[in-house]
1. Looking only at the range 47-62, decide whether some residue is surrounded by 24 or more Cβ atoms within 10 Å (Cβ to Cβ), among the charged types (D, E, K, R), in contact (Cβ under 8 Å) with a residue 60 or more places away in the chain and within 26 Å of Ala83 (Cβ to Cβ).
2. Is there any pair with a first residue in the range 124-145 that is closer than 30 Å to Tyr18 by Cα and a second that is of a type in the set (Lys, Arg) whose Cβ atoms are under 9 Å apart and which are 6 or more apart or on different chains, and what are they?
3. Could you tell me whether any residue of the range 111-120 is touching a Leu at 6+ places or on another chain (Cβ under 7 Å) and part of a strand (DSSP E or B)?
4. Between a first residue in the range 242-262 that is of a type in the set (Gly, Ala, Ser) and a second residue that is at pLDDT below 95 and away from the ligand (no atom under 16 Å from the Cβ), which pairs have beta carbons less than 9 Å apart while being 6 or more apart in sequence or on different chains?
5. Here are some residues: Pro87, Pro74. Which one is without any contact (Cβ under 8 Å) to a residue 40 or more places away in the chain and in contact with a strand residue (DSSP E or B) (Cβ under 6 Å, 6 or more places away or on another chain)?
6. Can you tell me which of (1) part of a strand (DSSP E or B); (2) farther than 30 Å from Ser201 by Cα is the one Leu81 doesn't meet?
7. So for the range 29-38 (the condition being more than 21 Å from the chain's Cα centre (by Cα) and of a type in the set (A, V, I, L, M)), does at least one residue qualify?
8. Is it the case that some residue within the range 104-115 is crowded, with 22+ Cβ neighbours inside 10 Å and of a type in the set (Val, Ile, Thr)?
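The values are calculated or read from the model by the stated rules, or taken from the named source; none is laboratory data. This one's a predicted model, so the numbers in the text were calculated from it and none came from an experiment. Here the Cβ positions follow ideal geometry from the backbone for every residue, glycine too, while neighbour counts run over all protein chains shown.
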Amino acid sequence: MSAINAAITCVGGYVPDYVMTNKELEKIVDTTDEWITTRTGIKERRILKGEGKATSDMGAEVVKQICEKRGISPEEIDLILVATVTPDMPFPSTSNLICDKVGATNAWGYDLSAACSGFLYALVTGQRFIESGAYKKVIVVGADKMSSIINYEDRTTCIIFGDGAGGVLLEPTEENIGVMDSVLKSDGSGREYLNIKAGGSYKPSSIETIENKEHFVYQEGRSVFKFAVTNMADVAAEVMERNNLSSEDVDWLVPHQANLRIIDATRERAGLPEEKVMINIQKYGNTTAGTLPLCLWDWEKKLKKGDNLLLAAFGGGFTWGSVYLKWAYNA
Ligand code: UT7
């Protein structure tokens, strides 16, 4: 019997309609379009508006889109994995809610929390469920409503993040395509540089935590930047090396969209020209678990069967990793 590989056979994406520009942020905090553009590469980001609208609503749009594009019914989905740090509620899981909203009545699923590396962690988890032969249709979603955990009085974080969701369908194949290899890492000692302090079991919500604004993202940007530049580039290089991939062999670098300067450092380390790098940070900002599938969604039409893609991410935890995949279809 041939080995089973996990191939991405469809991509979906969703970004809210509301566009928050740098100009709008200039009116809210002490910043400028020029500073944001030169320090991060971001020009605008999307914000999910509307009472009761949450991460699961964006994820449900992604799953519905995947089902329509692939011509399958939601009842055929076996498993939905959702990478997010902004679940609708502590429980039930966002995956539970998405299954309900799309009518995936035969699926089970759960959420996975790994901040900006969440999509990679979930992709590799989904890959294993396919490779084991247990399931035939696994959807991996990366979705975050970052605006729900951002302090719009803090200019160091509010300029970076946006809302959005993307996802992929994994199906088995006996061809030599799909998710080929991965290296995933974590180091919880990074918690002091990037976190949300309250609202969990460590510091349950109280009037004091609200007054201290401890339910918002806290980031020591400069420190995170240093770790991100080194680790994202290192792990991508490690995956290239152990798969004997030269820079010529890599067709696309798909980097987490946190900062254009971090993306550039990773690209340079991998020896790749700018035209081989997927960059959409200028229009969506950092959507945390959403960045990588949103890149695949935006670039889907350009991808060809057999293309070598190198995905790389770094985020809170710290968590980081890189995945090598061979694209499975022509759009
Ligand atoms: O995706 C999860 C992982 N996260 C990341 O990868 C983010 C990594 N970090 C970064 O991308 C960058 O560190 C930031 C974009 C967050 C900040 O850029 P930076 O070049 O590292 O700026 P900085 O924090 O070193 O601040 C430089 C200066 C400071 O002023 P002083 O102390 O030099 O007078 C800040 O107060 O820029 C100031 N500053 C701003 N000025 C205008 C900080 N934020 C702003 C702002 N507008 N929005």
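1. Checked against the condition, which is being surrounded by 24 or more Cβ atoms within 10 Å (Cβ to Cβ), among the charged types (D, E, K, R), in contact (Cβ under 8 Å) with a residue 60 or more places away in the chain and within 26 Å of Ala83 (Cβ to Cβ), the range 47-62 yields no hits at all.
2. That search, which allows pairs on different chains as well, returns Lys145/Lys53.
3. Yes; the residues of the range 111-120 include at least one that is touching a Leu at 6+ places or on another chain (Cβ under 7 Å) and part of a strand (DSSP E or B).
4. Here the result reads Ser246/Gly271; Ser247/Ala270; Ser247/Gly271, each pair linking the range 242-262 to a residue that is at pLDDT below 95 and away from the ligand (no atom under 16 Å from the Cβ).
5. Pro87
6. Unmet condition: (2).
7. Scanning the range 29-38, I find at least one residue that is more than 21 Å from the chain's Cα centre (by Cα) and of a type in the set (A, V, I, L, M), so the answer is yes.
8. No, the range 104-115 has no match at all.
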